[in-house]
Structures are given as structure tokens and as C-alpha cells.
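A short write-up of the structure that comes next.
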Amino acid sequence: DSGVTQTPKHLITATGQRVTLRCSPRSGDLSVYWYQQSLDQGLQFLIQYYNGEERAKGNILERFSAQQFPDLHSELNLSSLELGDSALYFCASSVDPVGTIYFGEGSWLTVV
Amino acid sequence: TQLLEQSPQFLSIQEGENLTVYCNSSSVFSSLQWYRQEPGEGPVLLVTVVTGGEVKKLKRLTFQFGDARKDSSLHITAAQPGDTGLYLCAGVKSGGSYIPTFGRGTSLIVHP
């Protein structure tokens, strides 16, 4: 158990819908990362937050957005969902932006 | 185009065999990390190598960072079924945001 908690673990939704994935980082960690893992693209970095502020942006689509709240939990919002958005979405956390990254167990999203 | 190329993509071996997986890039990294991901879980950091030519050992696993800091290898001696999983390498570039960029991984199955 990495200490990073993600909900929901599994989610099935229809194209065009919007979903929110939630992440609680390890106790004491200020930095949160979101990654997308799919068979064709591998593990792709989406976005990083540090202490509530966006710190780095990766291959995140404009239909996706994220935020980190004052209690340090984070949410990833995915809208206008397409079949190609079906993937495993990981949240990870670290104590600071250069610390060891610990991954949660992921949220399986299936878009039908 | 993937920044980090891992080979082989798949490996199926018998218990007791030795194996080597490779991680190659045309880019120079300040450090390179190896993770193992088991089904239903997130990647877990195994080791970080930071110096060109560095060799690190973790029980039966030997990690090497290339002299030019562009490539790395992971050698497993006398593989066991518990070594089964997806092995991911991730590079961190100097002067950047310290976000690891992942290869697509090598999927290893060790048969008893």
C-alpha cells in the first residue's frame, strides 16, 4: 500500500459524458501528479500540482482539467469523453517536486 | 515518438533463467529510474541511478546507467515467479521539472 488513495477504482461511462477522478496523496506529501496509462501510449504524464498550484503540464487534453484543494487532495475532471479516453488513470504523490513518487492503484475508466 | 525505448517488449522465461532488459534514448538524463508494476497496482520505484556508468544491485537485480547517461539496463539473475510484472524505466532531465518520462515497459512472465 503506497498510501495514495484513488476513487473510484473502476468507472464505465458513455461517450460525451463527464467524470471526476479523486486522489488523496500520502500523508505529508505536497505534490500530486496525474498520469494516463494505455496500451498504445504507455504511461503518459498529464499534470502536476504542488501545494495547490499547478507546477508542470504534460500531454493533458483541453477537455481534461485538474485541481489540488487546500487539504491537498486532487481531482481530475474528464469531459466530452471519447472512446480513446479509456485508460488507467494514476495519481501519484511526493513530498516535494523532486522527491520519490508514489503511485496509487489507479482508476480504470472505460468509455462505451 | 517515444523518448525512451524499452526492449524487449515482452519476455516469457522459466524460473531460474537470467534476463536483461534495456532502456535506450537519444537524450541525456540527469537520472534514470526503474519501476515494477504488478497487475492491478501502480508502479513502484525499484532504484534510481544518477551517475554515468553507475551500477546498483538490489538482491538479484542489477541496474546499470550508461556512461553517456542515455541508456540503462536491468539484469535479473535466477528469475523467480515473483519477478513477474511490467518493468518501466523513466528518465528525469536536468534543468527541467523533475517529472519522470516513462518508457512503455517490458512485460516479464516467469513460469514456475
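Rounded to the nearest 100 Å², what is the buried accessible area between A and B, both sides summed, probe 1.4 Å? Numbers along the way, then the final one.
Values: alone 6000 and 6070 Å², together 10750 Å².
Answer for the A-B pair: about 1300 Å² buried.
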Q: Would you tell me the mean number of C-beta atoms belonging to other protein chains that fall within 10 Å of each C-beta in A:41-48, as a whole number?
A: 5
(Q) Less than 15 Å Cβ to Cβ from B:P112, Lys/Arg counted +1 and Asp/Glu -1: what total charge do the surrounding residues give? (A) -3
**Q.** Span per principal axis, largest first, for the Cα atoms of region A:23-107 (Å)
**A.** 36, 21, 19
(Q) On a straight-distance basis, which lysines could pair with B:K70 in a cross-link, Cα separation under 30 angstrom, same-chain partners fewer than 8 positions away excluded? (A) A:K57, B:K56, B:K57, B:K59, B:K93
Q) In whole Å, what is the distance between the alpha-carbon centres of region B:93-112 and region A:44-112? A) 18 Å
Q.
Taking a ≥ b ≥ c as the square roots of the Cα gyration tensor eigenvalues, with a/c under 1.5 meaning rounded and otherwise prolate when a/b beats b/c, else oblate, which class fits region B:2-41?
A. prolate
Q: Find the relative contact order for chain B and round it to a whole percent, using C-alpha pairs within less than 8 Å whose residues are 6+ positions apart.
A: 36 percent
**Q.** Within the accessible area of chain A (1.4 Å probe), percent carbon and sulfur
**A.** 49 percent
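P(r) tail for region B:1-100, what percent of Cα pairs lie past 24 Å? Write down the numbers at each step before the final one.
Values: 940 of 4950 pairs.
Value for region B:1-100: 19 percent of Cα pairs lie more than 24 Å apart.
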Q | Exposed trypsin sites (Lys or Arg not before Pro) absent - longest run of chain B, DSSP non-H/G/I/E/B, at most 15 other C-beta within 10 Å | A | B:1-58
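Rounded, prolate or oblate for region A:1-49? Axes are the square roots of the Cα gyration tensor eigenvalues, ordered a ≥ b ≥ c, and the cut-off for rounded is a/c under 1.5. Working shown, then result.
Details: a/c = 1.98, a/b = 1.46, b/c = 1.36.
Verdict is prolate for region A:1-49.
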Q.
Going by average Cβ density within 10 Å per residue, which order do the peptides A:69-80, A:36-47, A:53-64 take, highest to lowest?
A. A:36-47, A:69-80, A:53-64
**Q.** Unit charges at the beta carbon, dipole of chain A: most positive-side option, A:P8, A:S93, A:G52
**A.** A:P8
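Provide a whole-number value for the mean count of partner chain Cβ atoms within 10 Å of the Cβ atoms in peptide A:89-100. Walk me through the numbers on the way to the answer.
Details: counts 0, 4, 1, 3, 0, 1, 0, 1, 3, 4, 1, 3.
Across A:89-100, the average partner-chain Cβ count within 10 Å equals 2.
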Q) So what is the relative contact order for region A:46-112, in percent, with contacts set as C-alpha pairs under 8 Å and at least six apart? A) 23 percent
**Q.** Net charge, B:V55 excluded, C-beta distance under 15 Å - Lys, Arg +1, Asp, Glu -1
**A.** +2
Q. For labels at B:R60 and B:I13 in the simple 7 Å Cα→Cβ model, what's the distance in nm?
A. 0.9 nm
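Hey, got the average number of other protein chain Cβ atoms within 10 angstrom for residues in B:21-33? Don't skip to the end; give the middle numbers.
On the way: counts 0, 0, 0, 0, 0, 0, 0, 0, 0, 0, 1, 0, 2.
Partner Cβ neighbours, averaged per residue: 0.
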Q: Output the relative contact order of chain A, whole-number percent, from Cα pairs under 8 angstrom with separation of 6+ residues.
A: 37 percent
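The values are calculated or read from the model by the stated rules, or taken from the named source; none is laboratory data. Keep in mind the model is a prediction, meaning the values are calculated, not measured. No Cβ is skipped: glycine too gets one built from the backbone with ideal geometry, and neighbour counts run over all protein chains shown. Side chains included, ligands, DNA and RNA excluded: accessible areas come from the protein's heavy atoms. Shrake-Rupley method; radii C 1.70, N 1.55, O 1.52, S 1.80 Å.
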